Every structure is written in C-alpha cells, then in structure tokens.
Amino acid sequence: MTQVILPGKTIGMVGGGQLGRMVGLAARHMGYGFVVFSPESGSPAGQIADQEFVGSFDDLILFAQFAEAVDVVTFEFENIPCRSMQLLESLKSVHPSSHILETTQHRLREKTFLREAGIPVARFFAVNSIEELETAAASIGFNGVLKTAAFGYDGKGQCRIKSKSDLTAAWAVNKGVPCVLEEWVSFKKEISVMVARNALGEVAVYPAVENIHVDHILHMSISPARIDPAFMIAASELAVKIADKLKLVGILGVEMFYLDNGSLVVNELAPRTHNSGHHTIEASITSQFEQQIRAVCGLPLGPTYSVSPAVMVNILGDAWSDGVPPWDRILTDFPASLHLYGKSEPRPKRKMGHLTFTGSSQETLTLQAESVARKYRFTQF
Ligand code: AMP
C-alpha cells in the first residue's frame, strides 16, 4: 500500500538552497508544514521554513532529530552522504530513495546505469590512473572531457582533452581522483526534460526545454525547446524510460544533447527539481516544485502542459558588481517575474535569482531575456 501524506503533515527537505526554497513555497501554498536540514543557518530554504536544522550532512544524530520532526523526507541537493540518507530511510519515508541518490551522485555509476538501461550516452571509460587515461583517450582519438566521478556540478572538476599533450595536465587538475573520460559529443543544442513519478508508477513529463550555458553555468532556458517535434516526443520517452527504470518516486531532471545528426544522447541526471524547470512556476499548470511534493507525498501528479511559452534567465552574483541591481528599473523595463533566493552574499557565478518571461512570442521573450541579462550583467558574458 502506498503511503499518502496529506496537507497538514510536514515535509522534510534535506538541503537549504533555492530549489528547497521553491519547494517550500509550494508546500506552503498546499498547506504542508516544511522543515529544512541545512549546513548553514538562514539558508534560502530555511528562511521560509517552520524549522531549520543546522548541521553537517554527516551528523547522524541531528538527522535522527530532523526525522522526528517530519512526516516524509526529500532532498534538493545530491552531494549528501548515502549513510545519512540510509539512516533517514530507516526512520521515515525518503523519496527519491537513497539507492537513486547513490546512483546519480556518482558519474560512473550513473553512466553505467544508463548504458545498461539501453539509454544512449556518449562513450565513456572509468579512469583511475594516468595509464588508464592514456589508453582510454587514445580509443576516442584524444577528443573528450575528463570529469571527476564524484562531486561535480556546473562544470567543476572537468577538463577538456583535445590532444595527447592535454592528458598530464588534466590528470593533475583533477588531482588523480577516480574519473570518467567521456567522448566529446558534437551537439546542436542542449535540452532537458523534467519527469515526475509517484509510488503508483504514474508518470508526468514536462515538454523539453532548451538550455544555453555560459562558462558551464546555465544562463537561459527556453520553453519549449526549438527542436523538431518528433524529438520533443523522443526526449519525453527517454525521460520516462529512465524514471521507470530507476523506479523513481519524486522528480528527475534529464539533461540531453541534441546531436548534429538529430539523435539524442543523455548527459546527466538530477533526481530533484532542476534550474531548467523554474519557468514551470509561471508557465505550467503544475510547477516542478509542486510536482515534487505531489510525487513524494503519494498525491496524484498534476498536469504538465504549458500555458504559454517561457524564457527563464538566471541572475548570478556578477550582477551585484556595482551594488544592488536596480530592480525597480528592471521591472519597469522588462515584463518578467522576479525570483530572488534571499542569499545575502552575491559572489560571482553564484545563483542569486532568476527572471521568467512568459508570453505568446518565444522570439520576443528570448530577446527580452538576453537584453536584460546583458544590460545588467546577469552573468559573465
Ligand atoms: P556536465 O557537468 O556533465 O553537465 O557538463 C557541463 C557542460 O559541459 C555540459 O552542459 C556541456 O555543455 C559540456 N559537456 C559535458 N560533457 C560533454 C560531452 N561529452 N561532449 C560535449 N560537451 C560536453
């Protein structure tokens, strides 16, 4: 029997970042209690929570107290020790499971799972020594990217390999930790699909979104992706297949490359809400944040179709280089929804907020988003 956690009960969120904050805001409008576990006090999610447990993600004693305070546990961040999630699992329902977290927080395990599930991925090799790196790199014509197997995000722990002479430096940069060498893929676009699945195996998938990165960090998401409709469908089918194979309960972001030859290759999975799904707050019947709650609480999943095209643009700490951005002027000039995450320290490259443009002309929305981002230096162009 699947457990249903009805509004009035309390959701426990592991991680205090902006994703947790936006899940918390959805929890609030649905009438749930919301409790956060964060390494820092006053975190973006903690600010809007009923209670914030502040401690290390290794602190099993504090995690046990957190479990006491909540009815179901979910997370917004992958780099949480599995031991901690397993402890929580012994005390409360945890969705997605610690097994899914273990698979997706490690590139080699994730890529191996995908390959075994019959999902197209770029050719990859486990690399544990410079000798293994040399052999693997030779087999892909020295055209690849070396990524640390664990703890990578926003392009951190990645080194491009373009020739044999790059190998020693790449191995040194990644400090000799276990890595994955991936073949370099020539793609037309990067896209992503959000898919939710509940314990009954019901699945809800959002239309694919097109992502534009600057310096490895997501800059803009354009919804729907400007690709052939047949590939929109193929992308949804891939995401659903992955969610089913993982026996996901929760929400999952699937990042894909849309290749020059028109096929799709999966790059990465994130078993949580995703930066490329923020537009769903304004542009979908059910936001990705509400959907995570529905999925982990055993509620029916909500409709995922878009009510309008949308473009989301990230606001990084770089926008504060000359002081607080003039939000009043920005909102006068640009008809967008403003989301700020309550972070007090605007460091360069730090995600501080986003703007979402909705309207009928995707082209106009994209131009407006690009214009505001350039004018107010939302990222390091
Ligand atoms: P990741 O951390 O794996 O999402 O990689 C960050 C970014 O690097 C991706 O969004 C791509 O733009 C680029 N990238 C990663 N892996 C590859 C690859 N195998 N081929 C081409 N580009 C890649």
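General remarks:
- Per-residue Karplus couplings for segment 363-377, computed as 6.51 cos²θ - 1.76 cosθ + 1.60 with θ equal to phi - 60°, are listed in order as 5, 5, 4, 5, 5, 5, 5, 5, 5, 5, 5, 6, 4, 9, 6 Hz, Gly and Pro entered as x.
- FRET efficiency, Trp184 to Thr364 (Cβ-Cβ, R0 45 Å, nearest 0.05): 0.85
- Between segment 228-257 and segment 1-70, the Cα center-to-center distance that results, in Å: 27 Å
- Put simply, the C-alpha atoms of the chain give a gyration tensor, and the ellipsoid matching it has half-axes of 30, 27, 22 Å, longest first.
- Listed residues Ser38, Pro120, Val307: farthest to the positive end of the dipole of the chain (Cβ charges): Pro120
- Antiparallel bridge percentage (DSSP; both residues within the chain; nearest 5): 75 percent
- Listed cross-link partners Lys162/Lys349; Lys189/Lys245; Lys188/Lys349; Lys147/Lys245; Lys247/Lys349 are compared with a 28 Å cut-off, the Cα-Cα value being larger for Lys247/Lys349.
- Summed over the residues of the chain and divided among them, the accessible surface reaches 41 Å² per residue at a probe radius of 1.4 Å.
- Cα-based Rg / Dmax (Å) for segment 1-99: 12.1, 38
- At 0.890 mPa s and 25 °C, Stokes diffusion of segment 236-324 via Kirkwood alpha-carbon radius, µm² per second: 163 µm²/s
- Cα→Cβ-extended label distance, 7 Å offset, between Arg28 and His99, nm: 3.6 nm
- Candidates Gln47, Gln105, Gln292, ranked by Gaussian network fluctuation over the chain, Cα under 10 Å, top entry: Gln47
- Candidate lysines - alpha carbon under 25 Å from Lys343, same-chain residues fewer than 8 apart omitted: Lys156, Lys351, Lys375
- When +1 charges are put on Lys and Arg Cβ atoms and -1 charges on Asp and Glu Cβ atoms, the dipole computed for the chain relative to its Cα centre reaches about 220 debye.
- Within the accessible surface of segment 187-256, defined with a 1.4 Å probe on protein heavy atoms only, the carbon and sulfur portion equals 57 percent.
- For segment 78-135, the spherically averaged projection of the C-alpha convex hull amounts to 5.2 nm².
- Dipole of segment 13-84 computed with +1 at Lys/Arg Cβ and -1 at Asp/Glu Cβ about the Cα centre; of Gly55, Ala69, Gln18, farthest Cα towards the positive end is Gln18.
- Cα-centre dipole for segment 163-231 with unit charges at Cβ (Lys and Arg positive, Asp and Glu negative), debye to 20: 60 debye
- ³J(HN,Hα), Karplus 6.51/-1.76/1.60, whole Hz, each residue of segment 130-140, x for Gly, Pro: 5, 5, 5, 5, 4, 5, 5, 5, 4, 6, 10
- Amide H contacts of Met352 (H built 1.01 Å from N, under 5 Å, at least 5 apart or other chain): Ile315, Leu316, Gly317
- Here's the list of lysines a cross-link from Lys241 could span, going by alpha-carbon distance under 17 Å and ignoring same-chain residues fewer than 8 apart: Lys111.
- Listed residue (Phe357, Ile330, Gly342) projecting farthest to the positive dipole end of segment 324-371, Cβ model: Gly342
- Temperature 37 °C, viscosity 0.692 mPa s: under these conditions the Stokes-Einstein estimate for segment 227-381, based on its Kirkwood radius over C-alpha pairs, is 190 µm² per second.
- Simple label model, 7 Å out from Cα along Cβ direction - Asn128 to Leu331, nm: 5.5 nm
The values are calculated or read from the model by the stated rules, or taken from the named source; none is laboratory data. Source: prediction; values computed, not measured. As a convention, Cβ positions derive from the backbone with ideal geometry for all residues, glycine included, and neighbour counts pool all protein chains shown. Surface areas here come from the heavy atoms of the whole protein model, side chains and all, with no ligands, DNA or RNA. Shrake-Rupley method; radii C 1.70, N 1.55, O 1.52, S 1.80 Å.
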